[in-house]
Amino acid sequence: MVDDRRRARHGGAPVTRRHLADTLARYRAALEAELELLRHVQQLSADQQDATRRQDSERLHHIAGERTRLMDGLVLIEHDVRADRATLADHRLEAACLPGFAQVSTLHRTAAAVVSQIAVTDQDTMAALQEAEVARRAATQAVETGETTLNAYRRVIAPSAHGPALVDRRG
C-alpha cells in the first residue's frame, strides 16, 4: 500500500535504483552549490555585523545587495531540487543503501548548521542596529531639546528689537 502511494505521487512508475542514484547525484551537486553560496552569505553576515559596528552605511548597502544576489541563487537551487528532495524522502530507505548517501546526509547537516550560524549572526546584527537606532533617536531628541533651550535662552538674553516693550521711549 505504501508503494502504491509512492507510485501514485510519481506518476505511477516505480523508482529504480538507477533513478535514485541519479537523483542522489543531482541532489548532492545542488547541496554542494548551496553550501558554497551559504558560506559566502555567512562571510557577508559577519562583514555586515562589522559594518554595523563601524556604522559604515555604504558598506552595509553593498553587502545587502550582494546578499540579495546570493539568496536569489539559493532560491533558484532550492526550486530546482524540490522534486529530487521529495523523491529521496519518499524512498529514503532505498536511497540510504546507495553509495554517497552518507555524504549527502553530512552535506545536508552542514548546510543546516551554516544556516543556523548565519541566523545567530544576523540576530546579533539586528540587535546592534536596533541599539544604534535607539541611540540615534536619543541623540536627535537631545539636540532638539538643546536647540529649544538655546532659542529660549536667546530670547531672554537678547530680546527682539521690534517686539513689544514694557516701557515706550516716548512716554
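Each value in this text was obtained by applying a stated rule to the coordinates, not by laboratory testing. In this text the structure is predicted, and so the values were computed from the model without any measurement. Here the Cβ is made from the backbone with ideal geometry for all residues, glycine too, and neighbour counts use every protein chain on show.
Quick notes on this structure:
- Seen from GLU66, the other residues with C-beta closer than 15 Å to its C-beta sum to a net charge of -3, counting Lys and Arg as +1 and Asp and Glu as -1.
- In terms of its C-alpha gyration tensor, region 78-120 comes out oblate, because a/c is 1.5 or above while a/b does not outweigh b/c.
- Residue separation of ARG85 and ALA119 scaled by 0.36 nm, minus their Cα-Cα distance, works out to 9.9 nm of gained length.
- Over region 12-128 - Rg/Rh using Cα atoms and the Kirkwood inverse-distance radius: 1.12
- Radius 10 Å from Cβ of THR16, net charge of other residues (Lys, Arg +1; Asp, Glu -1): 0
- Electrostatic tally near LEU44: other residues with Cβ closer than 12 Å to its Cβ, Lys and Arg +1, Asp and Glu -1, net 0.
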